[in-house]
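Take a look at the structure set out below.
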Amino acid sequence: MRFAVVVSRFNAFITERLLLSAVDGLMRSGAEKKNIDLVRVPGSFEIPLAARKLAETGKYDAIICLGCLLRGDTAHYDVIVNEVTRGIGQSAQETGVPHAFGVLTCENLEQAIDRAGLKMGNKGFEAALAAVEMASLKAAIGLRHSAVSEKQVPHPRSARVRNDSQKTTRVRNDSKKKSSRKNTRRH
């Protein structure tokens with residue numbers, strides 16, 4: 001399998017940790033270094049466009065998106081978080097290539113450090129595992145779909161068709177039997 005990793009240079013202290021762990025996760029899952037391409041972008045806002053362009057090439061089984069957004073004192077954070085999330089999701093849906101979301105959205109630097117390898121594991125590693133799993137799932141679904149034969153899926157003509165008049169007749173007969181049972185109980 002081939003993977004692309006899109007990583008933001010902004011907050012590099014954090015994103016480099018995410019990147020190292022993502023590559024480690026891919027390699028532990030069996031990926032070869034030659035099948036992992038790295039693309040760096042200025043900030044998290046640029047991740048969706050780069051991810052989409054990579055997905056559109058058709059070369060990759062999954063795209064891993066890594067970045068770090070820290071809340072500030074302005075609404076800018078909320079706008080960027082929403083747009084990055086929407087853009088990555090939209091790219092995955094429209095291209096059909098799995099995109100793993102490894103963009104940290106943290107209140108402060110301490111939280112980011114924890115999520116990049118200290119107390120809370122490493123979200124880059126987790127994103128890599130998600131990418132491998134989704135790429136494998138997509139491949140498995142593709143194989144199953146193409147492996148379906150005529151014998152596995154019944155042809156519509158071979159399905160037993162029930163005539164509505166038979167169904168109605170059966171219902172009427174059942175009703176008569178029930179009413180005759182009621183009549184015999186009264187006597």
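The values are calculated or read from the model by the stated rules, or taken from the named source; none is laboratory data. Since the model is a prediction, treat every value here as computed from it, not as a measurement. Cβ sites come from the backbone with ideal geometry, for glycine too, and all protein chains shown count toward neighbours.
Here is the figure for segment 1-38: residues that are more than 22 Å from residue 115 (Cα to Cα) and surrounded by fewer than 19 Cβ atoms within 10 Å (Cβ to Cβ) total 8. The set of residues in segment 9-37 being over 23 Å from the mean Cα position of the chain (by Cα) and touching a residue at least 40 places away in the same chain (Cβ under 8 Å) consists of 10, 11, 14, 17.
Let's see how each residue does on (1) loosely packed, with under 11 Cβ neighbours inside 10 Å; (2) among the aliphatic types (A, V, I, L, M); (3) touching a strand residue (DSSP E or B) at 6+ places or on another chain (Cβ under 7 Å); (4) at pLDDT 90 or above:
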position	(1), (2), (3), (4)
65	no, no, yes, yes
91	no, no, yes, yes
99	no, no, yes, yes
106	no, no, yes, yes
120	no, yes, no, no
128	no, yes, yes, yes
137	no, yes, no, yes
149	yes, no, no, no
154	yes, no, no, no
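Given the criteria of a type in the set (Ser, Thr, Tyr) and either modelled with pLDDT of 85 or more or surrounded by 13 or more Cβ atoms within 10 Å (Cβ to Cβ) (or both), does residue 95 qualify?
Here the answer is yes, as residue 95 does meet what is asked.
For segment 61-84, a residue qualifies if it is more than 20 Å from residue 123 (Cβ to Cβ) and either in contact with a Leu (Cβ under 7 Å, 6 or more places away or on another chain) or polar (S, T, N, Q) (or both), and exactly one does: 74. Counting only strands (runs of 3 or more DSSP E) that sit wholly inside segment 1-94, those with at least 1 residues that are basic (Lys, Arg) and farther than 19 Å from residue 132 by Cα are 36-41. Given the structure, is residue 161 at pLDDT 85 or above and either closer than 30 Å to residue 15 by Cβ or not basic (Lys, Arg) (or both)? When the stated conditions are applied, residue 161 does not pass them.
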